[in-house]
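Asker: Got a structure for you, questions after.
Every number in this text was worked out from the coordinates using simple rules, so none of it is lab data. Treat the numbers as computed from the prediction; the structure is a model and nothing was measured. For neighbour counting, all protein chains shown are included, and Cβ atoms are generated from backbone atoms with ideal geometry for every residue, glycine included.
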Amino acid sequence: MLSPNTPIKFLVTEAGAALLSRYGVSATTVSVAPGRVNLIGEHIDYCDGFVLPFAIERAVVIAAALNGTSEVRVATSFDTEGAVIPLGAPQEISEPKWSNYLRGVIEGFRLRGIEVPGFDAFIVSSLPVGAGLSSSAALECAMATLLEGFTETSLGTREKALLAQKAEHDFAGVPCGIMDQFASAFGKEDQLILIDCLTGGTEMVPFADPSLTILVSNTKVSHELSDGGYAARRKSTEDGLAAIGKPSWRDVTLADLEGAAGKMDEVTFRRGRHVVGEIARTIAAAQALKSRFFTSLGGLMYASHDSLRDDFEVSCPELDHLVKTASGLEGVIGARMTGGGFGGSTVTLCQADKAEAIAAFLAASYEAEFGFAPEIFATRPAEGARLV
Ligand code: GLA
């Protein structure tokens, strides 16, 4: 069964009501920033590759009002106790953990010489946490957008995404690439975003055909490996590139990699093989989508999943099961894991009129195998971070 997406306007109402009840003030400024799904181009944003994500119809909403003090008081639906963040001095990592994304964004404004005034805020979200759908990037982008509103500045979309990424690096300790924050900031209805991670350039790729849709299946597992696993993968790709001796993975061919195989261990070699293959697959997938060559596109998605499972080793049995099951169903064009992996979600491109039946089959099969149900929802590409 498809799980519904709460309309953004309901989230806005909910956040406003919660702000009033928690802090006794009515919202004057409300920001929204969506999560993302990546259609293809996984674990190559930090390798100067191409990625093809889009913003989804699930988002973080922050309702807020100036409080005339020099601190931010902020609570969320899962932590109504909340946090107090003092302003006027460099931000530091502190408790509660989720507040660090906000502290990192405030620090980004401070470093740009933009003074942030004190305010009260309440955060609600329709994005599951730990599902590989970039709830943290959404939180960062929602906060940055809110601060733009309060400080009457406009950072520009690219600059805002980079500020949010730096918050993730410095305040959450995750050495992520630019994909998630770019997708949340640049999202547009009915468009995918082809990001050139070497130049930071973006090209919008239309996805407006109403006969197609995208299913997101959240395994609801998050394997512990995720902590060190991401940084370790990134390090392997850096080691591989150093052994090859070229400045960027964009200049590396399979022949270059094979020629340098003797200078790296077998694992580093396989990580590199994923990078080289995935860059080529993503370019081909964007082309296939533009030309409506859906069979090719589907094949590229399955090949991406296989490579992430076997060469990059970031999949898990739950993700593999969903992809394999989807691949046998009528109406499915392609499926793969999406996001960092080690759990999280799969993305399934399918015919819209079959989506309900596909979701029902996937859910039943998953539950029979693992003993609990996944959460499956349909989404179309949605609008990026904004004030409402
Ligand atoms: C996480 C990171 C992104 C990207 C993906 C894998 O979502 O935040 O930058 O590396 O993993 O493609």
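Asker: Under a Cβ-Cβ cut-off of 12 Å, what is the net charge of the residues other than Thr199 that fall near it, where Lys and Arg count +1 and Asp and Glu count -1?
Answerer: With Lys, Arg at +1 and Asp, Glu at -1, the neighbours total -1.
Asker: What does the net charge come to around Ala360 if you take all other residues with beta carbon closer than 14 Å to its beta carbon, with K and R at +1 and D and E at -1?
Answerer: -4
Asker: Another question about this same structure. Using only Cα atoms, tell me the angle between helix 135-151 and the longest principal axis of the chain; keep it within 0 to 90° and round to the nearest 10.
Answerer: Approximately 40 degrees, to the nearest 10.
Asker: Can I ask one more? In nm, to one decimal, how far is the Asp251 label point from the Asp196 one, both placed 7 Å along Cα→Cβ?
Answerer: So the two model labels end up 1.7 nm from each other.
Asker: For Lys324 and Lys290 in the same chain, what is the full-extension length gain: residue separation times 0.36 nm, less their Cα-Cα distance, in nm?
Answerer: Contour length minus the Cα-Cα distance gives 9.7 nm.
Asker: If you don't mind, another one. For the chain, what does the helix formula give at 222 nm: sum of -39500 (n - 2.57) over DSSP H segments with n ≥ 4, over the residue count, nearest 500 deg cm²/dmol?
Answerer: One gets -14000 deg cm²/dmol as the mean residue ellipticity at 222 nm.
Asker: Okay, next question. Once the other residues with Cβ under 11 Å from the Cβ of Thr379 are scored (Lys, Arg +1; Asp, Glu -1), what is the net sum?
Answerer: +2
Asker: Sticking with this structure for a sec: Suppose the chain between Thr69 and Ser21 were pulled fully straight at 0.36 nm per residue; how much longer would it get relative to their current alpha carbon spacing?
Answerer: So the extension gain works out to 15.3 nm.
Asker: For segment 230-279 and segment 344-388, what is the separation of their C-alpha centers, rounded to whole Å?
Answerer: 33 Å
Asker: So if each residue of separation counts as 0.36 nm, and I subtract the Cα-Cα distance between Ala232 and Ala360, what length gain in nm does that give?
Answerer: Additional length available on full extension: 42.5 nm.
Asker: So for the chain, if I pair up every lysine 8 or more residues apart or on another chain, how many of those pairs have alpha-carbons under 28 Å apart?
Answerer: Within the chain, the lysine pair count is 27.
Asker: I've got another one for you. Order these peptides, 47-56, 294-303, 352-361, by their mean beta-carbon neighbour count within 10 angstrom, highest first.
Answerer: 47-56, 294-303, 352-361
Asker: To the nearest 10 degrees, how steeply does helix 294-310 sit against the main Cα axis of the chain, on a 0 to 90 scale?
Answerer: The answer is roughly 90 degrees.
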